[in-house]
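To start, the structure itself, in structure tokens.
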Amino acid sequence: MEREEGQELRAQAAFARSAQEEEMARVERTLSSEGRMLLAEDGLAASRLASIRSSLDGRVDPRSERARLALERGMPLERAASSPRVFGEAIVRRNSLDVLPSAEAMDLASLSRSFSLKKEESTVVVVGTTSLEDLDEPAAEVAATRGAASSVYSWGRNRLMHGPGEAALRSIERFDARRVRACATSGWHALCADDEGNLFGAGANASGEAGEGGADVVKPQRVEALPVGVRVALVACGVSFSVCVTFSGQVLAWGANDVGQLGDPSKPATRAPTIVRGVPRRVAGIGAGDAFVVARTEISEVYVWGAADACCADDASAPKRLDHLAGVPVASVVAGAAHAIAVSASGAAYAWGRNQYGQCGVEEAGDLVRVPRRVEVSGEVSMAAAGRAHSLFAVESRRVYGLGRDRAGQISGSPAGVVRPPGVRLPIPAEKDEDAAVVAVAAGDSHSLVATTEGVWAVGSNRAGALGCDDEAATVSRLPLAPQIVSLDAAGDCSVAVVAVEEEEEEESSKKFGRREDSFLVFRRPLSRDEVLDDEAGLGRTIATFRAPGLLSASFLRRDHSDLLGLDLAALEAFLAPLESSLISSKDEVAKAVRAGADSLSRAAEANTEEAARTMLVYLRTAAALDADERRSGWAAARAAVELLLATSDECRAAFLAAIVAPDREDLRETLRKPLKALVKVAAMRAAIEGALPSGDGVDLRAATALVDDLDAAASSRSSSSSSSSPREEESLRSSLLVPANLARRAMRSKEVFQGASVRDAFDAAFRGAMALDLLRSASWHRVPRSELSEGYRVPEVDALGVIVPRRVSVSSSPGAAIGIAPSAGALLIDFMRWRDSGAPRGGRDKKKEDKSSPTWWCFASFPFLLAPETKRELCAVEARRRQGAAGARAQQMLAARGAAAFAFGGFPLAGSLSGHAAALPYLVLEVPRAHLFQTTLDLLSGLPDSEFSKELKVVFQGEEGVDEGGVKKEFFALLVPQLFDPVVGMFVELDTLFFNPLCDWYDVEYELAGILVGLAAYNQVVLDVRLPRVAYKKLLAYLEDDDDRTYSATLDDLAEIDRDLAEGLRKLLEFTPAKDVEDVFCRSFVVDDGDGAILDLVPGGSEIAVTGDNRQRFVSSLLEFRLETSVDTQFQKFAKGFGRVMRTAMLPRIVEPEELALMVQGDPELDFEALERAAYYEGFDANHPLVREFWNLLHHLDPLDKKKFLMFTTGSKSAPMGGLAALRPPAHTPFKIQRAGPDSDRLPTASVCFNTLLLPDYDPPSKLGPRLKLAITETEGFGLK
């Protein structure tokens, strides 16, 4: 009898609980539009509903504030409805109509707001209170997003969420009246979240992971321990712990915490969901492995915590950002048992963690991938899933590939051991569409799930019913589920799914960044070319996006990722157009955002992906649009972009450089150089104004004064030794050598310069800007036009610092018509000398300093590409003259020590007759006969020590009176060089230009002599009439280098200089298609004709190796190496030895490029006599004198050959110096001058070649000049004193 009464009581209690649940569901429906409609149908008065709506007055209930404080402190909250004592007045009272259930039976966890119900005139009044989500406006904006009506299914081991005895693959009645948006399982327990934010759990519950209490939860029950007002959007399940994401993007975790899976390894396990600290942004995606969690934030950053192996850490970890993924636009994250995968919006996938079976998709990575690595799977990945030891990737939303363990056939459909990259396609049958779109994927221990638009399929082992069918031997099964999958998850041998049972129009929120409907949590989307920058909303989005590198990386993506790192450059340019055209007034805000985002990415020094490189490209390109040389904010943005370029990993930087060095990217490179050059420009201008050099201090006046004294003494010595020098010539010579003792502030005072940065900051930024320019330039060395490398990296403001400041001259001797010698500041020479005296360090770093990243000083000369060739020539000229003066001074001291008498200049003993006393002479003096010039010069130079070549060269022709002030040595080189370089002699051969004769083995010291002469000409600023190709100078500079910065590597462009036809043929060979026909069409093997009839192998056994499409690049490389290196190695080494004897200790090879060295040696073949007219000086005439006007008219109408003769007659060279005829100015050259040589007479014009001076009698009428000038330039030879 008692037993029957007990059963009856239990039945009554069960009925009461059922009635209470129904009543609770009834109350919950009052909070939704559908629920209110149902209540109206049940007869609830419309007036009562109106009263409820009008009472939502937004007042804040005290319990919300207490809840907020408790959550901030990490404390669990009791349920607000569990007792009238909780949070004071936050209680529920039954009204007189007895419509609502008791407070004890009410569950407020599912409400989108917290509520206080009170009795008021027999009506229910709902007083709205502010919840955690209400504090976040973006969350409130999307809170109304609702999914379709849905059904929840589970199957496999444990049949989670089903009661005992219930069949699997049946809709779970508990959720039939709800709209479930997310589900997850660990294989032992499961969680679901509905559209109202309610959380339900079932399964194992030893640590409280499935709900309150310690007993396992047989049927789904609401998780009661959630904080007040929290609404759950996403869920994830680990082994013995759970995590969820709220509508506001906060992460809550509960359950076991033995390795920190709840976010803090130091805290004990807890059954109450608590906030995970350490994730600074709202979370938009979550995944849980056995003992770790991976989360994606709203700005596409990835955080991990928990077990060390899956967290890229050495021990249990609190939340930390994965810097390796910085700049990657992560769209979703998934977690397996001990590995994780992040899928990028660009279609790349990155994996890390355990890799025993290759589940991370990275070959040769070992059993553990410690940092995220890109998965080696072909195609764009749209979604991924991670199981215990295998991974799935949906490629292009059409095909699913698997990697990792396949012993149960979970990848291939039949046991196959291990699947390596690029993976195997899952055997999903196609019923109608061969490439049905993939909707979702999931992976358990030994089975895989794929949902397409046609249906849901399971692949793998069917143990415990994992495939959802009765056939235990099945390996592929179609599940009886509709294809409208809302959420799908698998773990162990268990699976859960949410299936929509009705279609709704796609909400706008589903179009936001991310592939799944739960992407409503992301309140930011990437930028596009359609953004409007000149309104407040567009500008705000732009600023927010630029502050987030991951989100910015998702902006302006191309569908075709094969070029330029997947960046849609045209879209980016269109987006930035308003910035560059100054159509908006908020450049400062954009610049600050660029700075913040670039700083954030640069701190992630581990970032090593192409996507981080794409982000870097966007930052640098945007910085170019922000006027870095005029606005402080733009300058700061440019500096941050430069820091980013230098701070990122080598892999990231290499990807960036490889993307922009294509030959057709010249415009982009020029744009990217703009902010880098602006940093250098600002520093140079500040140096001119502040009177400071990059050391941060003022100019060292003692060093500058000593330099001036040395050069002034050299000038005085030279002037006093020449009896023919006029006062004007003396002044010009001295002014060409003098350097000021300060930076001449007035020279730059008229220029506007950005004042925001201090001089120290400006120099520091300029140093890094120059380093970045050097990086771009080095990467472009073999792939871009040489003209760009020669001109695109120069900064005129650095040249403006100047090498010399000519002394003030009288009006009568000032330049004529237009441009003369413009005043300059002289700072560059001081900078150059300090750099030279410190050992000429590369990149401006002091080799004695341990800290290489922040040098205490640097020099502009460390980055010579900033300087124009003319500036380099001037620096080298002054440096050479100082070396010559120092060598002469040492010789004078030696001579005095030996007691030798002082010689007058014209009476110097000859080098050839001095024997052991040659070293005591202040000059290198050669007395040679015209009749035997070649042999005598060879005999004289071959016996000299290398130290003699540091002296200034003086030449005396036997039997002639001329004193060498420059003109005689010019004649000497003009006569000797053709004898050495004439192809008839045989040392050099001429195809398209001169090059070393590979067959010449009969000359030995002659090649060394040729090298010495070329070195002496460059050292003494003499232009030679020789045309060696640029490749010869490339090889010379590489020969003189002590490090690997300029190692020579032969290219087709080099070969084209000496044999254009062969180079063109090799290009056609490389470009020929189809590649499989190369062997039949070209019929070549790896051999070459040495030019003398012998056939040589290019590689061992080359005669037996045919040139094919696969090895043609090797053939071309081998042939280039033979033609430009191996075949001429003997001849070149002798030539380079002679050149090095003169130039090895000089600074010239350290700062010039091959093209510039060629111009210094050979001159500029382009003769611009109009430029010469503008640069000319006059003495005794002026620019408007009739004879002067007649002279220029005659000169401009001469034929090219006669123009060269005139140039040879007046300057001693048939070519213009580097920089053209306008460059005839100190310190490298004496200015061209026209001087009056007495009254009218019948004498021919004469020239002072030493001083580039044309002497003209004052012919009257001026027409007398024509025939006499023609005769003078045609019939002339020799030198004399007049």
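The values are calculated or read from the model by the stated rules, or taken from the named source; none is laboratory data. Source: prediction; values computed, not measured. All Cβ positions, even for glycine, are placed from backbone atoms using ideal geometry, and neighbour counts span all protein chains on display. SASA here: full protein model, heavy atoms, side chains in, ligands and nucleic acids out. Shrake-Rupley method; radii C 1.70, N 1.55, O 1.52, S 1.80 Å.
With a requirement of 3 or more residues that are open to solvent by less than 30 Å² (accessible area, probe 1.4 Å), within 24 Å of Glu173 (Cα to Cα) and in contact (Cβ under 8 Å) with a residue 60 or more places away in the chain, the strands (runs of 3 or more DSSP E) lying completely within region 439-505 that satisfy it span 485-491, 494-500.
If I filter region 1175-1188 down to residues being outside any helix (DSSP H, G or I) and in contact with a strand residue (DSSP E or B) (Cβ under 7 Å, 6 or more places away or on another chain), which single residue comes out as least open to solvent (accessible area, probe 1.4 Å)? Filtering region 1175-1188 for residues that are outside any helix (DSSP H, G or I) and in contact with a strand residue (DSSP E or B) (Cβ under 7 Å, 6 or more places away or on another chain), the one least open to solvent (accessible area, probe 1.4 Å) comes out as Ala1176. Output the residue which, of all residues in region 574-595 that are surrounded by fewer than 17 Cβ atoms within 10 Å (Cβ to Cβ) and in a helix (DSSP H, G or I), is modelled with the lowest pLDDT. Filtering first and then ranking leaves Glu580. Screening Ala654 against (1) modelled with pLDDT under 80; (2) open to solvent by 40 Å² or more (accessible area, probe 1.4 Å) leaves a single unmet condition, (1). Asp1202 - would you say it is of a type in the set (Asp, Glu), touching a residue at least 40 places away in the same chain (Cβ under 8 Å) and over 19 Å from Leu1157 (Cα atoms)? Against the criterion (of a type in the set (Asp, Glu), touching a residue at least 40 places away in the same chain (Cβ under 8 Å) and over 19 Å from Leu1157 (Cα atoms)), Asp1202 qualifies. Scan region 246-265 and tell me whether some residue there is out of contact with any Lys or Arg (no Cβ under 8 Å at 6 or more places or on another chain), modelled with pLDDT under 90 and not small (Gly, Ala, Ser). For region 246-265, residues out of contact with any Lys or Arg (no Cβ under 8 Å at 6 or more places or on another chain), modelled with pLDDT under 90 and not small (Gly, Ala, Ser): present.
Within region 1254-1270, the presence of a residue that is closer than 23 Å to Val1023 by Cβ, outside any strand (DSSP E or B) and under 52 Å from the mean Cα position of the chain (by Cα) is excluded. In region 335-355, the qualifying residues are those that are part of a loop (DSSP other than H, G, I, E, B) and touching a strand residue (DSSP E or B) at 6+ places or on another chain (Cβ under 7 Å), and the one that is surrounded by the most Cβ atoms within 10 Å (Cβ to Cβ) is Gly336. Among the residues of region 1029-1074, just one is touching a His at 6+ places or on another chain (Cβ under 9 Å) and either modelled with pLDDT of 90 or more or open to solvent by 70 Å² or more (accessible area, probe 1.4 Å) (or both), namely Asp1053. The set of residues in region 438-471 being over 17 Å from Ala385 (Cα atoms) and in contact with a helix residue (DSSP H, G or I) (Cβ under 9 Å, 6 or more places away or on another chain) consists of Arg463, Ala464, Gly465.
Does at least one position in region 818-830 carry a residue that is open to solvent by less than 20 Å² (accessible area, probe 1.4 Å) and modelled with pLDDT of 80 or more? The answer is yes, given that some residue of region 818-830 is open to solvent by less than 20 Å² (accessible area, probe 1.4 Å) and modelled with pLDDT of 80 or more.
Looking only at residues in region 869-910 that are in a helix (DSSP H, G or I) and at pLDDT below 70, the one that is surrounded by the fewest Cβ atoms within 10 Å (Cβ to Cβ) is Gly907. Residues in region 1156-1174 that are open to solvent by less than 40 Å² (accessible area, probe 1.4 Å) and not polar (S, T, N, Q): 10 in all.
Would you pick out the residues in region 1207-1234 that are within 19 Å of Pro1267 (Cα to Cα) and either part of a loop (DSSP other than H, G, I, E, B) or open to solvent by 30 Å² or more (accessible area, probe 1.4 Å) (or both)?
Step one: list which residues in region 1207-1234 are within 19 Å of Pro1267 (Cα to Cα), which gives 1207-1210, 1234.
Result: Met1208, single match.
All of Gly211, Gly163, Gly128 fail the test of being modelled with pLDDT under 90 and under 50 Å from the mean Cα position of the chain (by Cα), apart from Gly211.
Look at region 279-328 and say how many of its residues are under 19 Å from Phe247 (Cα atoms), of a type in the set (A, V, I, L, M) and open to solvent by less than 10 Å² (accessible area, probe 1.4 Å).
Step one: list which residues in region 279-328 are under 19 Å from Phe247 (Cα atoms), which gives 279-288, 293-303.
Then keep just the ones that are of a type in the set (A, V, I, L, M); that gives 279, 283-284, 286, 288, 293-295, 299, 302.
Filter once more, so that each one left must be open to solvent by less than 10 Å² (accessible area, probe 1.4 Å): 283-284, 293-295, 299, 302.
Going through region 279-328 one residue at a time, the tally reaches 7.
Note on region 1059-1088: residues that are farther than 11 Å from Val1107 by Cα and either among the β-branched types (Val, Ile, Thr) or part of a loop (DSSP other than H, G, I, E, B) (or both) total 5. Restricted to strands (runs of 3 or more DSSP E) entirely inside region 154-254, those with at least 2 residues that are over 30 Å from Ala310 (Cα atoms) and out of contact with any Leu (no Cβ under 7 Å at 6 or more places or on another chain) are 217-222. Residues that are at pLDDT 80 or above and of a type in the set (Ser, Thr, Tyr): does region 767-785 have at least one? Yes: one or more hits.
Conditions (1) within 29 Å of Leu994 (Cβ to Cβ); (2) buried (at least 17 other Cβ atoms within 10 Å of the Cβ), marked per residue:
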{"residue": "Val1081", "(1), (2)": "no, no"}
{"residue": "Val1088", "(1), (2)": "yes, yes"}
{"residue": "Asp1092", "(1), (2)": "yes, no"}
{"residue": "Ser1103", "(1), (2)": "no, no"}
{"residue": "Val1107", "(1), (2)": "no, yes"}
{"residue": "Asp1110", "(1), (2)": "no, no"}
{"residue": "Val1116", "(1), (2)": "yes, yes"}
{"residue": "Phe1122", "(1), (2)": "yes, yes"}
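When Pro429 is tested against the conditions (1) more than 22 Å from His324 (Cβ to Cβ); (2) in contact with a Cys (Cβ under 8 Å, 6 or more places away or on another chain), the lone failure is (2). Mind listing whichever residues of region 1003-1028 are more than 28 Å from Asp1053 (Cβ to Cβ) and open to solvent by 10 Å² or more (accessible area, probe 1.4 Å)? Those that are more than 28 Å from Asp1053 (Cβ to Cβ) and open to solvent by 10 Å² or more (accessible area, probe 1.4 Å): Tyr1003, Asp1004, Val1005, Glu1006, Glu1008, Asn1020, Gln1021.
What about Gly358, is it out of contact with any Ser or Thr (no Cβ under 6 Å at 6 or more places or on another chain), open to solvent by less than 10 Å² (accessible area, probe 1.4 Å) and either over 20 Å from Arg463 (Cβ atoms) or without any contact (Cβ under 8 Å) to a residue 40 or more places away in the chain (or both)? Steps first, answer last, please.
Numbers: out of contact with any Ser or Thr (no Cβ under 6 Å at 6 or more places or on another chain): yes; open to solvent by less than 10 Å² (accessible area, probe 1.4 Å): yes; either over 20 Å from Arg463 (Cβ atoms) or without any contact (Cβ under 8 Å) to a residue 40 or more places away in the chain (or both): yes.
Yes: the conditions hold for Gly358.
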